[in-house]
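Here the structure comes first, spelled out in structure tokens, and everything after it is commentary.
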Amino acid sequence: NQSNQVHASSQNLASRLNLNRSKQTTCPSYFRWIHEDLRPWKETGITRDMVEKAGSTAHFRLVIHSGKAYVKRYKKSIQTRADFNLWGILQLLRWYPGRLPDLELMFDADDRPIVRSDDFKGQNMDPPPLFRYCSDDASLDIVFPDWSFWGWAEINIEPWGKSLEAIKKGNNITQWKDRVAYAYWKGNPDVDPGRKDLLKCNVSEHEDWNTRLYIQDWDKESKEGFKNSNLENQCTHRYKIYIEGWAWSVSEKYIMACDSMTLYVKPRFYDFYIRGMMPLQHYWPIRDDSKCTSLKFAVHWGNTHVDKAREIGEVGSRFIREEVNMKYVYDYMFHLLNEYAKLLKFKPEIPLDAEEITPDNMGCPATERWRDFMAESMVMSPSEALPCEMLLPYDRLALKEVLERKANLTRQVELWEDQYFHDLTNKP
């Protein structure tokens with residue numbers, strides 16, 4: 001029935017799109033990074049041999065052919081990451097039916113990037129195009145929205161559309177002026193030394209770094225049904241800390257949606273949208289090599305510049321709500337896959353041992369929360385609007401200016417911080 005509904009809806013799609021053509025928006029600025037992520041293959045294109053090389057660590061090969069999705073699985077991902085990403089791709093095909101070109105790609109659902117740019121310098125070899133959730137400045141992995149946009153069933157985090165609504169309501173429970181005037185973080189410190197280092201900044205009888213840090217006991221939460229982990233109940237502090245785990249952390253979007261000023265510990269990794277954000281506009285940068293003093297100053301600054309701190313929190317939160325909502329998540333996937341497909345120098349083929357994936361053969365066998373989240377995140381009819389209008393690539397100068405602006409704003413914060421502690425130390 002659901003398939004018939006989608007088919008019937010798509011019959012009228014052309015006329016609806018003509019009506020809505022005037023409503024086409026321009027894509028958010030972070031979409032320009034699609035061109036940068038695909039730049040390594042701009043001159044050479046992507047050959048079948050390159051794609052096959054990307055398969056050495058991939059969890060699955062995805063083929064889109066005549067508007068249908070086929071998958072060849074190589075190994076099981078952590079939890080149900082790969083399944084929920086494939087579910088998301090199916091929803092994209094329902095959101096924009098018949099608009100995606102034929103393509104073939106490899107997807108690695110582990111955390112850290114592995115395609116090191118240094119390994120593919122000069123005449124060496126062409127890099128393999130490998131999709132994953134994050135990358136870094138030394139890697140060429142192609143970033144793609146992570147599984148949690150369609151729900152993280154294992155820890156009871158609902159699909160992004162529903163989570164965003166809940167956090168929006170949670171924001172209204174405690175007004176900014178009434179929020180606790182400290183920096184809040186709750187998470188698992190065992191996944192990375194940087195997080196263990198963060199815990200040294202907790203309040204103690206000897207020192208108050210203006211923080212309130214809590215360890216998330218996943219075993220206990222699991223047994224209690226995650227009732228103490230509701231994201232919408234965590235918007236009670238003026239400042240929230242984002243720090244990476246083993247790689248980038250899924251927690252980023254939930255933290256930034258809270259209207260609190262995000263204290264963003266200097267990251268190594270980036271996901272698909274963070275590159276569209278600016279320090280002092282969307283978040284406050286925190287040093288990674290002296291976290292405690294950096295956090296202490298950030299909270300002090302916010303509490304003495306209350307209106308400005310609230311504005312940074314609200315602008316960052318608005319960015320997440322308005323530019324990283326599900327419409328733009330699908331648009332990002334749409335444009336990334338379209339730009340990628342343009343580079344293919346071979347005709348995509350369905351492997352003999354691939355399976356076609358459909359909402360029925362993925363959703364029906366699912367049970368409990370997995371099934372609920374698939375039902376909640378299912379696209380029931382095609383989008384009435386066109387995909388946002390893709391931005392042109394950065395020219396080299398414009399890109400340099402963006403990166404320099406970020407660096408300069410971060411440096412400005414560090415200078416304020418250094419001056420603050422210098423004055424504190426030299427008080428008569």
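The values are calculated or read from the model by the stated rules, or taken from the named source; none is laboratory data. Predicted model only: the values in this text are computed from it and were never measured. With ideal geometry, Cβ positions are generated from the backbone for all residues, glycine too; neighbour counts draw on all protein chains shown. Remember, those area values only see protein heavy atoms, side chains included, never the ligands or the DNA or RNA. Shrake-Rupley method; radii C 1.70, N 1.55, O 1.52, S 1.80 Å.
Miscellaneous remarks
- Our helix-only sum for the chain, with -39,500 (n - 2.57) per DSSP H run of n ≥ 4 divided by its residues, gives a mean residue ellipticity at 222 nm of -12500 deg cm²/dmol.
- Within a straight-line Cα-Cα reach of under 20 Å, Lys327 can be paired with the following aspartates and glutamates, leaving aside sequence neighbours fewer than 8 residues apart in one chain: Asp146, Glu158, Glu165, Glu252, Asp271, Glu339, Glu376, Glu384, Glu389.
- Accessible carbon and sulfur surface of the chain relative to its total accessible area, %, 1.4 Å: 50 percent
- Crossing angle, helix 396-425 versus the chain [Cα axis fit, 0-90 degrees, rounded to tens]: 20 degrees
- Diffusion of the chain by Stokes-Einstein, at 10 °C in a medium of 1.306 mPa s and with Rh set to the Kirkwood radius over alpha-carbon pairs, works out to 69 µm²/s.
- Coil-residue GluC sites (Glu not before Pro) of segment 308-390, DSSP, other Cβ within 10 Å capped at 13: Glu349, Glu384
- Spatially close Lys pairs in segment 52-164, defined by Cα atoms under 24 Å apart and a spacing of eight or more places or different chains, total 5.
- Sites matching trypsin sites (Lys or Arg not before Pro) across segment 78-134 that sit in DSSP coil, with at most 16 neighbouring C-beta atoms within 10 Å: Lys121
- Applying a 4.7 Å Cβ-Cβ cutoff to the chain leaves Cys134, Cys364 as cysteine residues with no disulfide-compatible partner.
- Applied to segment 333-350, the Karplus parametrisation 6.51 cos²θ - 1.76 cosθ + 1.60 on θ = phi - 60° returns per-residue 3J(HN,Hα) values of 4, 4, 5, 4, 5, 5, 5, 4, 4, 4, 8, 5, 9, 9, 8, x, 10, 7 Hz, with x for Gly and Pro.
- Residue-level accessible surface for Met374, protein heavy atoms, 1.4 Å, Å²: 10 Å²
- Residues of type aspartates and glutamates that Lys400 reaches as a straight line, Cα spacing below 15 Å, ignoring anything fewer than 8 places off in the same chain: Glu36, Asp137
- Summed side-chain charge close to Ala58 - residues other than Ala58 whose Cβ falls under 11 Å, Lys, Arg +1, Asp, Glu -1: +3
- 5 angstrom amide H check on Ser139, placed H, neighbours 5+ away: Ser117
- The shape of segment 87-196 comes out oblate: with a ≥ b ≥ c from the C-alpha gyration tensor, a/c is at least 1.5 while a/b does not beat b/c.
- Beta bridges per DSSP with both ends in segment 53-161, % antiparallel, nearest 5: 75 percent
- For Asp360, the solvent-accessible surface computed with a 1.4 Å probe is close to 80 Å², ligands and nucleic acids excluded.
- Under 16 Å of direct C-alpha separation, and excluding same-chain neighbours fewer than eight residues apart, Lys342 reaches these lysines: Lys42.
- Between helix 2-11 and the chain: long-axis angle, C-alpha atoms, 0 to 90°, nearest 10: 80 degrees
- Neighbourhood net charge (9 Å Cβ-Cβ; Lys/Arg +1, Asp/Glu -1) for Leu164: +3
- Accessible area per residue in Å² at 1.4 Å probe, computed on the chain: 46 Å²
- For the chain, the longest principal axis of the C-alpha atoms and the axis of helix 81-95 are separated by about 60°.
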